[in-house]
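Enquirer: Following this message is one structure expressed as structure tokens.
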Amino acid sequence: MSMTTTDDPTFVPPSSRVRLAGAVPYEWFRPVRLTLMWTYLIGYLVWLKTRGLTVDRVSVAIAVGIFLLCAFVGKSWRTWGVLLMDCVAYCLMWLAYEKTRGAADDGVSFFGLFRVKFPLQQTIMRDIDRAMFFGHDPNVVLQDRFWSNTIRWWDVVAGTTYMTHFVFPMIVMAVLWATSHRQWARFMKRFATLLGVACLLFIMLPTVPPWMAGDPKWHIDLFHELHRNAGRGFYHIGFESFQDGYKLALSNGNGVAAMPSLHASFALVVPAFFLPWIKPKWLKAVVLLFPIIMLSSLVYLAEHWVIDGLAGWAITGLTFWFWNRMEQRTRSIRATRALSALPQLPEMATPEEVPA
Amino acid sequence: MSMDPPKVLLERSFLEAVAQPEHADHPSCAELYRHLVAQFERQEILLVAVGDHLRSIELGDDLTTGARAKWFLHRAHKGLFAPVDALYVGFQHRRAAAATGAPGTDTDTDGTVAMTLVMCSRHRVRRVVTTNPAYKRYELELVHPDPAPE
């Protein structure tokens, strides 16, 4: 075999070797970055306590942007250029999402020439839910059984879980952005694909959500009126002013963009992304409880049908499957290109491989 | 803890030996490279190289500014070093390399070694594939091909 990891014959004893940190000038920007990021974290927590959770896209984007400024201080100009392009792509992704989602209930206009509007699904999701739950409406059953004017612990869990949707994936993006651009790109491919597929379905399958199906104002009347106050449990634990932002965020949305549930999808996309790095099986199980709690909360809070959440999970799974295959294919193509450019060598003995 | 597979830096001397069939170390380096590529394909390692060194070997040293800028902005993953990612060299890295290799210092060394050390330090690379014995002075995990048979 033609490789070795030993240092013979010009062996330098380990005690005589120069440490890399001692050989290369210290990067003074590193402690500056760390200090700024910790300061940001403290500032964010103070803001969270005193002003509430920022949930609208613009505020979240600004928060992420400030974090990135802290995390990239002292990096090379090229890194800043890449960051700038990433930010443009990130903003375009959200803009396309908001525009598409917002327009879904009006149909889609093709260059102003004609408009295609898909019929509003009023009963089919409810029928699927009833078929899955032996003739019961899960939303109605949960609210009848658990909802009261007094806020209980499950209201806090449901409300808090619901609200994580607005910040949790963005926190993950920001941390990945700052730590590994490669992993950030992997995450964003999956996330953007998920958003794209969801938007397509929002347009093609505008769906009445449970809260609307029971609201007399909409005259759909599939069942009695359900309570819709998703954030009250979160509000109850002392987050004073989040509701303004929450209402603002909803006002830009589309009430019938219910199928699939992006709340359920986002709650799965983050644990699913990190699952390969989580070794203990019990911890994997704990992490995967989060999307289950999210879907239960969505059903309890009358925001989604069960089938919306299951469809969201299915799309997330397919997105991961697709990108895992694509990434493997890209690696194979790059490897094949390299090997085909290498001149053919006579067969050698099987080598010991470099330890990973 | 890094989320990425461990990075293996292909040092300039190794890149040259792989790229030049007439190089004395070419057979052993090419064979080693073949196995590194297989590990890359299995996602066990990431292959990286100092951008300046990789560009010089892929495109030569007589480059127009435009070609240099194009490579800097977007390097196509084609050819012999398609699996290798470039660690792009910035002004700050050049300054650090100049200080690292300064004559009379502990690490008085040539520019290529100094730049490689800087990039290893900044990108947290600990494993280097090289035929250059100069790296044995440093706390790096060296992977190098066996010398060619006489």
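The values are calculated or read from the model by the stated rules, or taken from the named source; none is laboratory data. Only a predicted model underlies this, so the values are computations on that prediction, with no experimental measurement involved. All Cβ positions, glycine included, derive from the backbone under ideal geometry; neighbour counts span all protein chains shown. Just the protein is used for accessible areas: all its heavy atoms, side chains included, with ligands, DNA and RNA removed. Shrake-Rupley method; radii C 1.70, N 1.55, O 1.52, S 1.80 Å.
Enquirer: In segment A:19-57, what residues are open to solvent by 80 Å² or more (accessible area, probe 1.4 Å), free of Cβ contacts under 8 Å to residues at least 12 places away in the same chain and either under 30 Å from B:GLU141 (Cβ atoms) or basic (Lys, Arg) (or both)?
Expert: Result: A:ARG19, A:TYR26.
Enquirer: Of the residues in segment A:280-311, how many are more than 22 Å from A:HIS227 (Cβ to Cβ) and of a type in the set (Gly, Ala, Ser)?
Expert: Total satisfying the criteria: 2.
Enquirer: While we're looking at this one, here's another question. Can you tell me how many residues in segment A:168-193 are of a type in the set (A, V, I, L, M), more than 9 Å from the chain's Cα centre (by Cα) and open to solvent by less than 20 Å² (accessible area, probe 1.4 Å)?
Expert: Here the count works out to 2.
Enquirer: Could I ask something else about it? Please specify each residue of segment A:17-61 satisfying the condition of being in a helix (DSSP H, G or I), touching a helix residue (DSSP H, G or I) at 6+ places or on another chain (Cβ under 8 Å) and farther than 16 Å from A:VAL73 by Cβ.
Expert: A:LEU20, A:ALA21, A:ALA23, A:TYR44, A:ARG57, A:SER59, A:VAL60, A:ALA61
Enquirer: Ok, one more. Picking from A:GLY196, A:GLY214, which residue would you name as being open to solvent by 10 Å² or more (accessible area, probe 1.4 Å) and not charged (D, E, K, R)?
Expert: On the way: A:GLY214 fails: open to solvent by 10 Å² or more (accessible area, probe 1.4 Å).
Step by step, each of A:GLY196, A:GLY214 is checked, and only A:GLY196 is open to solvent by 10 Å² or more (accessible area, probe 1.4 Å) and not charged (D, E, K, R).
Enquirer: Quick one: which of A:LEU142, A:LEU113 is more than 14 Å from every other protein chain (Cβ to nearest Cβ), open to solvent by 10 Å² or more (accessible area, probe 1.4 Å) and at pLDDT below 90?
Expert: Values: A:LEU142 fails: at pLDDT below 90.
After ruling out the rest, the residue left standing is A:LEU113.
Enquirer: Let me ask you something else. Based on what the data block shows, is A:PHE266 open to solvent by less than 20 Å² (accessible area, probe 1.4 Å), modelled with pLDDT under 85 and of a type outside the set (Val, Ile, Thr)?
Expert: When the stated conditions are applied, A:PHE266 does not pass them.
Enquirer: Right, something else. Quick check on A:LEU200: is it more than 14 Å from chain B (Cβ to nearest Cβ) and touching a strand residue (DSSP E or B) at 6+ places or on another chain (Cβ under 8 Å)?
Expert: Numbers: more than 14 Å from chain B (Cβ to nearest Cβ): yes; touching a strand residue (DSSP E or B) at 6+ places or on another chain (Cβ under 8 Å): no.
So A:LEU200 fails the test.
Enquirer: Follow-up question, since we're still on this one. Take the residues of segment B:130-144 that are under 17 Å from A:GLY22 (Cα atoms) and crowded, with 19+ Cβ neighbours inside 10 Å: which is nearest to the other protein chains (Cβ to nearest Cβ)?
Expert: For segment B:130-144, the residue satisfying everything is B:TYR138.
Enquirer: Okay, moving on. Are there any strands (runs of 3 or more DSSP E) wholly within segment B:12-129 with 2 or more residues that are crowded, with 21+ Cβ neighbours inside 10 Å and more than 9 Å from chain A (Cβ to nearest Cβ), and if so which?
Expert: Details: elements: B:46-50, B:84-87, B:127-129.
Passing ranges, in order: B:46-50.
Enquirer: I would also like to ask the following. Going through A:ASN149, A:ASN139 one at a time, which residue ends up being more than 15 Å from the chain's Cα centre (by Cα) and part of a loop (DSSP other than H, G, I, E, B)?
Expert: Working: A:ASN139 fails: part of a loop (DSSP other than H, G, I, E, B).
After applying the criteria, what remains is A:ASN149.
Enquirer: Okay, next question. Taking segment A:231-253 as the search range and keeping residues that are modelled with pLDDT under 70 and part of a loop (DSSP other than H, G, I, E, B), which one is most open to solvent (accessible area, probe 1.4 Å)?
Expert: The initial filter retains those residues of segment A:231-253 that are modelled with pLDDT under 70, namely A:240-253.
Next, only the ones that are part of a loop (DSSP other than H, G, I, E, B) stay: A:240-241, A:252-253.
On the way: A:GLU240: 114, A:SER241: 45, A:ASN252: 96, A:GLY253: 25 Å².
Top of the filtered list is A:GLU240.
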